[in-house]
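Trainee: Please find one structure pasted underneath; my questions will follow.
Each reported figure results from applying straightforward, stated rules to the coordinates on display, with no laboratory input. For clarity, every value in this text was computed on a predicted model and none was experimentally measured. Every residue, glycine as well, gets a Cβ built from its backbone with ideal geometry; the counts of neighbours run over all protein chains shown.
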Amino acid sequence: MAKKQYAIIGMGRFGSSVARALSGMGYDVLAIDADEQRVQEISAIVTHAVSADSTDEEALRALGIRNFDVVVVAIGEDIQSSILTTLILKDLGVPVILVKAKSELHGKVLSKIGADKVIYPERDMGTRVAHHLASPNILEYIELSPDYSILEMKAAAPMIGRNLQELDIRAKFRCNVIAIRRGDEMNITPNADDRLTRGDVLVIVGHKDSLTKLEMAYQ
């Protein structure tokens, strides 16, 4: 299966954070910003980096933006550019559009004009967003330290009907399943013979590199 391709428009603190995290997870990332210096700063990290005006429909069309699976609009203070860029992306047929909003009102407008998800940076750190983007099974991602994190992961199809011993997540990925949530019930002492059912959510702790390998294995 081909890897998803991401385009990030706006290389401010939030946009560059998402771009770096996705690149670190091995995905193809196109970084776009009108500021040539920001483009230079991110160019060594992402797959491609270009200087372009995202409110110019022809410029986005020339970049083949419609061929990307997900486009994140991370434009900072310029609400007008954010809205116009979102409209253009929608018209060009981009499959999934995520847009950073500055306020609740801005967010409502973005939702009305076709943004698939509105992101509020105060609530959604760039790294968390990257994990949500990369794997639909990841419900939550919490950084405990620079090296270790906890993630909440919806049981993927290959996990259904198997128990923790059979999955052997600790040996294969060096991560620990510390809880299993089933509906409103949370099992904080899961046993090796606990069998997973559809809709179960695993709470897993581990080194960031190990968690990334686990995510990639169960996309």
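Trainee: Which of E215, E77, E166, E41 comes first, and how do the rest follow, when ranked by fewest Cβ neighbours within 10 Å?
Mentor: E77, E166, E41, E215
Trainee: How compact and how long is the chain, expressed as Rg and Dmax of its alpha-carbon atoms in Å?
Mentor: 18.8, 57
Trainee: So what's the convex hull volume per residue for the Cα atoms of the range 5-119, in Å³?
Mentor: 85
Trainee: So how tilted is helix 208-217 from the main axis of the chain? Cα-based, degrees 0 to 90, rounded to 10.
Mentor: 90
Trainee: For Q219 and A192, what is the calculated FRET efficiency with R₀ set at 22 Å and r taken between the beta-carbons, to the nearest 0.05?
Mentor: It comes to 0.30.
Trainee: Turning to a different aspect of this structure: Tell me, what ³J(HN,Hα) does each residue in the range 36-44 have, in order and in whole Hz, if you take phi through Karplus 6.51 cos²θ - 1.76 cosθ + 1.60 with θ = phi - 60° and put x for Gly and Pro?
Mentor: Rounded to whole hertz, the list is 4, 5, 5, 4, 4, 5, 9, 4, 7.
Trainee: Please find the FRET efficiency linking K102 to D147, where r is the Cβ-Cβ separation and R0 is fixed at 30 Å, and quote it to the nearest 0.05.
Mentor: 0.40
Trainee: Against the longest alpha carbon principal axis of the chain, how many degrees, from 0 to 90 and to the nearest 10, is the axis of helix 79-92 turned?
Mentor: Here the helix axis deviates by roughly 80 degrees.
Trainee: For D91 paired with S111, estimate the spin-label separation in nm (one decimal), with each label point 7 Å from Cα along the Cα-to-Cβ line.
Mentor: With each label point 7 Å from Cα toward Cβ, the separation is 2.5 nm.
Trainee: Put +1 on the Cβ of every Lys and Arg and -1 on every Asp and Glu Cβ in the chain; which of G64, I178, I79 then has its Cα farthest towards the positive end of the dipole?
Mentor: I178
Trainee: Hey, another quick one. Using a basic spin-label model with each label point 7 Å from the Cα along Cα→Cβ, how many nm lie between E166 and R61?
Mentor: 5.3
Trainee: Just subtract the alpha-carbon distance of S43 and A156 from 0.36 nm times their residue separation and send over the number in nm, one decimal.
Mentor: 37.3 nm
Trainee: Only helical DSSP H runs with n ≥ 4 go in: add -39500 (n - 2.57) per run for the chain, normalise by residue count and round the 222 nm mean residue ellipticity to 500 deg cm²/dmol.
Mentor: Calculated mean residue ellipticity at 222 nm is -9500 deg cm²/dmol.
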